[in-house]
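Asker: Just passing along the structure, written as structure tokens.
Nothing in this text is a laboratory measurement; each read-out follows from the coordinates by a stated rule. If you're wondering where the values come from, they're calculated on a predicted model, not measured in any experiment. Methodologically, a virtual Cβ is constructed for each residue, glycine included, from the backbone with ideal geometry; neighbour enumeration extends over all protein chains shown.
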Amino acid sequence: MEPVKVNEAAVDLRVSIGGLELQNPVMTASGTFGYGVEFESFVNLSRLGAVVVKGISLAPRSGNPPPRIVETACGMLNAIGLENVGVDRFISDKMPYLSALGVPVIVNILGESVEEYSRIAERLVDVPGVAAIEVNISCPNVKKGGVAFGADPKMAASVTAAVKQSCRVPVIVKLSPNVTDVTLMAKAVEEAGADGVSLINTLIGMAIDLRTRRPRLANVIGGLSGPAIKPVALRMVYQVAQVVTIPIIGIGGISSAEDAMEFMLAGASAVQVGTANFVNPRASEDVVDGMTSYVREQQLASVRELIGSLRLG
């Protein structure tokens with residue numbers, strides 16, 4: 001059955017992320033929505049709060065060998081290896097389409113050194129349609145022995161400061177859950193100038209084929225996403241909301257408006273829909289519909305009333 005369309009005109013779903021004004025809090029998650037055009041026959045992209053594209057590196061990347069995706073209980077593992085066309089082809093081939101959508105485009109960037117992050121940001125700074133940068137700090141720093149930027153507060157702060165210095169649009173830092181204390185990372189990037197944080201990125205996991213006794217991913221380990229990680233993501237969003245003043249974008253297992261609004265109650269100002277896009281290509285637009293209905297039914301003046309309104313007593 002087709003979802004019932006709801007009139008958004010009388011409902012205030014507007015939110016702000018570091019000065020970036022969104023018509024609603026619903027974004028797509030990097031790595032799950034391609035470059036947007038792949039979903040145009042399923043989703044009215046102009047109804048979304050923002051489109052976040054797959055991670056962009058300085059040079060093109062071919063990614064890891066297959067198999068690269070494995071379905072798991074309540075989720076999936078991926079080891080795509082950050083395959084992408086590189087920043088130059090992204091600007092020339094992808095941004096003309098994206099800039100015409102009429103919604104903010106957030107470009108997720110990745111690098112293996114602080115210099116790479118800075119150079120990508122510099123290439124994007126004057127590109128029409130680029131509304132914000134999302135910095136993936138789950139990548140390894142090759143100059144520091146392969147330690148992930150997102151595992152060390154000082155390295156996370158360094159890359160944040162470098163990207164901020166290189167661009168004039170809001171900078172959102174995407175935090176890894178694979179750390180001892182995510183609040184330390186959040187505070188470090190806030191102090192370095194981040195305009196917002198998004199969390200969480202995928203958890204590290206693996207799967208084994210009992211018949212062959214081999215890993216089910218060619219890369220052996222991969223990133224776990226989907227409903228299985230939602231409780232972890234909710235907990236981390238709540239914890240980070242207690243220690244930072246910058247906006248939070250919640251990610252992890254969101255497949256319905258109810259999921260999205262739980263993240264907002266925990267302290268998120270906006271959300272990203274990720275793995276659900278593979279199961280239901282309309283998932284992001286369905287979340288917008290469900291959120292609109294809820295705000296109207298609850299007679300809220302604005303969806304912003306939900307942010308951080310979790311009741312503990």
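Asker: In what sequence, highest mean first, do 47-58, 136-147 appear when ranked by Cβ atoms within 10 angstrom?
Answerer: Peptide ranking by packing, descending: 47-58, 136-147.
Asker: Determine the calculated [θ] at 222 nm for the chain from helices alone, applying -39500 (n - 2.57) to every DSSP H run no shorter than 4 residues and normalising by the residue count; nearest 500 deg cm²/dmol.
Answerer: Estimated from H runs of four or more residues: -7500 deg cm²/dmol.
Asker: When N counts the residues of the chain, how does its alpha-carbon radius of gyration compare numerically with 2.2 N^0.38 Å, as a ratio?
Answerer: That works out to 0.94 for the chain.
Asker: Could you check what % of the DSSP bridge pairs in the range 97-196 are antiparallel, to the nearest 5?
Answerer: The antiparallel proportion sits near 15 percent.
Asker: Convert each backbone phi in the range 178-194 into a coupling constant with the Karplus relation 6.51 cos²θ - 1.76 cosθ + 1.60 (shift: θ = phi - 60°), then list the ³J(HN,Hα) values in order as whole Hz, x for Gly and Pro.
Answerer: 8, 9, 6, 9, 5, 5, 5, 5, 4, 5, 5, 6, 4, 5, 7, x, 4
Asker: What is the gain in length, in nm to one decimal, between Lys154 and Tyr97 on full extension, counting 0.36 nm per residue of separation less the C-alpha to C-alpha distance?
Answerer: Gain on stretching Lys154 to Tyr97: 16.8 nm.
Asker: Once you sort the root eigenvalues of the Cα gyration tensor of the range 1-140 as a ≥ b ≥ c, which label holds: rounded (a/c under 1.5), prolate (a/b larger than b/c) or oblate (the other case)?
Answerer: oblate
Asker: Here's something else I'd like to know. Report the gain in length on full extension from Glu305 to Arg211: 0.36 nm times residue separation, minus Cα-Cα distance, nm rounded to one decimal.
Answerer: 28.7 nm
Asker: May I pose another question? Looking at the chain only, what percent of DSSP beta bridges run antiparallel? Nearest 5 please.
Answerer: Rounded to the nearest five, the antiparallel share is 45 percent.
Asker: Going by average Cβ neighbours within 10 Å, how do the peptides 156-169, 242-255 rank, with the highest at the top?
Answerer: Per-residue mean Cβ counts within 10 Å order the peptides as 242-255, 156-169.
Asker: Between Gly31 and residues 5 or more places away or on another chain, which pairs have amide H atoms under 5 Å apart, with H built 1.01 Å from N, and which residues are they?
Answerer: Lys54, Gly55
Asker: Right, something else. Under the Karplus relation 6.51 cos²θ - 1.76 cosθ + 1.60, θ = phi - 60°, what is the ordered set of whole-Hz ³J(HN,Hα) values for the range 244-255, x standing for Gly and Pro?
Answerer: My calculation for the range 244-255 gives 10, 10, 6, x, 10, 10, x, 9, x, x, 7, 10 Hz in order.
Asker: Convert 4 °C to kelvin, take the viscosity as 1.567 mPa s, use the Kirkwood radius over C-alpha pairs of the range 127-257 as Rh, and evaluate the Stokes-Einstein diffusion coefficient in µm²/s, rounded to a whole number.
Answerer: Reported coefficient: 82 µm²/s.
Asker: Something else: Rounded to the nearest 5, what % of DSSP beta bridges with both residues in the range 197-299 are antiparallel?
Answerer: 50 percent
Asker: Oh, and also: Over the chain, how many pairs of lysines fall under 28 Å by alpha carbon, counting only those 8 or more apart in sequence or from different chains?
Answerer: The number of close lysine pairs in the chain is 28.
Asker: Given axes a ≥ b ≥ c from the Cα gyration tensor, I'd like to know whether the range 252-313 is rounded (a/c under 1.5), prolate (a/b larger than b/c) or oblate.
Answerer: Cα axes put the range 252-313 in the oblate bin.
Asker: What is the spin-label model distance, in nm, from Val37 to Val279 if the labels are put 7 Å beyond Cα along the C-beta direction?
Answerer: Simple spin-label model gives 3.0 nm for this pair.
Asker: Quickly work out the Thr72-to-Ala218 label distance, labels modelled 7 Å from Cα along the C-beta direction, and quote it in nm with one decimal.
Answerer: With each label point 7 Å from Cα toward Cβ, the separation is 2.0 nm.
Asker: Another question about this same structure. What are the ³J(HN,Hα) couplings of the range 271-279, residue after residue, when phi is run through the Karplus curve with 6.51, -1.76, 1.60 and θ = phi - 60°? Round to Hz, x for glycine and proline.
Answerer: Here the 3J(HN,Hα) series is 9, 10, 9, x, 4, 4, 4, 6, 7 Hz.
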